[in-house]
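Working notes for the structure below.
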Amino acid sequence: MKVVPKWFPDLRQFVPHFATKESPQIPIACKIQSYQEYELGYRKLAITLGRASSKPAPRELELLRLLIDRRTNPVGSLGVPDCLFMTAFVSIIRPRRMIEIGTGSGFSSALLACAIDPRRTDSCTPCVDTLDAHATYFGDRELPVGFEVPRLISEFPRAVRVHAPRESDYIQNLAFPNELDMAFIDANHQHPCPLLDLLRLVPYVRSGGWILLHDIRLGTLVEESRKNGVPVAYEPVFGAEWLFDEWPWTKIDGGNIGAIQLPMERKAIWGPVRRLMKRPFEVCEQSYRRLRDEVSEAARTLD
């Protein structure tokens, strides 16, 4: 049985009164379900992001197909619609570099590198820094985290730097405040871990910047599968789903992947933080106190 943890006592003195008045917004749907829909989906997403003149880079979709064909389909890898949405989003925003939390096999790291600069004019410069809390891949402990990167992008493997084992607090060593246009979270989905990762990223993403979240429907999908009699080997977890649903500012729904836009005033994030921390923790009870303290510490940087 899940236990709702008590909120740490000093939170209210840090929460602006106005922050509690926001309510979740309805997400903008921009799903891209197939390769055939990519051009149309790209155009719709570009208009949504206020960049109607954006166009896919030469061979962008071709390179994505090649990357997907090269992968070994490891556990936890992104589905094709997720890949299409992520590629289009990064292609439109055109960030100089990105930070990813949750490396896994390294497939998404390689995808991000290709989407940022498909032509790779500077093959020696890293454009993706990816962190993982573990040194080995969760799907096969004999393999190191990021094991797919050298094979997937053998032409420019140094475009991705893997930092493992590292928690998201290591971001302070990788970026300057307000440096990033966007980032990607796809690590531990148990609440409140995605929230903690987000709070640690926020100081390094500019106001109005974007954070991509994977598995924003994971909990619901697992529950629906079980209701329909389809056996699922793992428990439903809602950390990323609750974070996406609770976000009171602009957000874009790509299916099981989504994007949330940071507000101009970072302190406003205290509202959803407070509401989310009232939800049941999905981690082991022994971690409650540590995570409450870490969320509190990370949230103080919003002032």
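The values are calculated or read from the model by the stated rules, or taken from the named source; none is laboratory data. Note that the structure is predicted; figures quoted are calculated from it, not measured. Every residue, glycine among them, receives a Cβ derived from its backbone with ideal geometry; neighbour counts consider all protein chains shown. Side chains included, ligands, DNA and RNA excluded: accessible areas come from the protein's heavy atoms. Shrake-Rupley method; radii C 1.70, N 1.55, O 1.52, S 1.80 Å.
Rounding to the nearest 10 and keeping the result within 0 to 90°, find how far the Cα-based axis of helix 288-300 lies from the longest principal axis of the chain. Between helix and principal axis, roughly 80 degrees. The alpha carbons of the chain occupy a box of 53, 42, 42 Å along the principal axes, longest dimension given first. For region 251-293, taking Cα atoms only, Rg and Dmax work out to 13.8, 36 Å respectively.
Give me log10 I(q)/I(0) at q = 0.11, 0.13, 0.21 Å⁻¹ for region 192-303, Debye formula, one equal scatterer per alpha-carbon, no solvent. The Debye formula, applied to the Cα set alone, gives -0.37, -0.52, -1.18.
Relative to the longest principal axis of the Cα atoms of the chain, helix 218-227 runs at roughly 90 degrees.
Just the protein heavy atoms count here, and of the accessible area of region 23-77 at 1.4 Å, carbon and sulfur take up 53 percent. Straight-line cross-link partners of Lys44 among the aspartates and glutamates, defined as a Cα under 13 Å from its Cα and at least 8 positions apart when in the same chain: Asp253.
Across region 89-183, counting alpha-carbon atoms alone, Rg and Dmax equal 12.8, 37 Å. All C-alpha pair distances within region 137-270, sorted into 10 Å bins from zero, spread as 11, 34, 36, 17, 2 percent across the bins.
Of Cys30, Cys124, Cys114, the residue with the greatest mean-square motion in the GNM of the chain, using alpha carbon springs below 10 Å, is Cys124. Its alpha carbons considered, region 34-105 gives a radius of gyration followed by a Dmax of 12.8, 37 Å. Quick one: go through region 31-73 and flag any residue whose amide nitrogen is under 18 Å from the point 7 Å out along the Cα-to-Cβ line of Glu155. 56-71, by backbone N distance to the label point. By how many degrees, between 0 and 90 and to the nearest 10, does the Cα long axis of helix 80-93 differ from the longest principal axis of the chain? Value to nearest ten degrees: 90. Can you pull the percent of Cα pairs in region 145-187 with separation above 16 Å? Result for the distance tail: 50 percent. Note that the chain presents 47 Å² accessible area per residue, ligands and nucleic acids not counted, probe 1.4 Å. Result for the chain in a Gaussian network model with C-alpha springs under 10 Å: among Glu167, Glu155, Glu282, the largest mean-square fluctuation is at Glu155.
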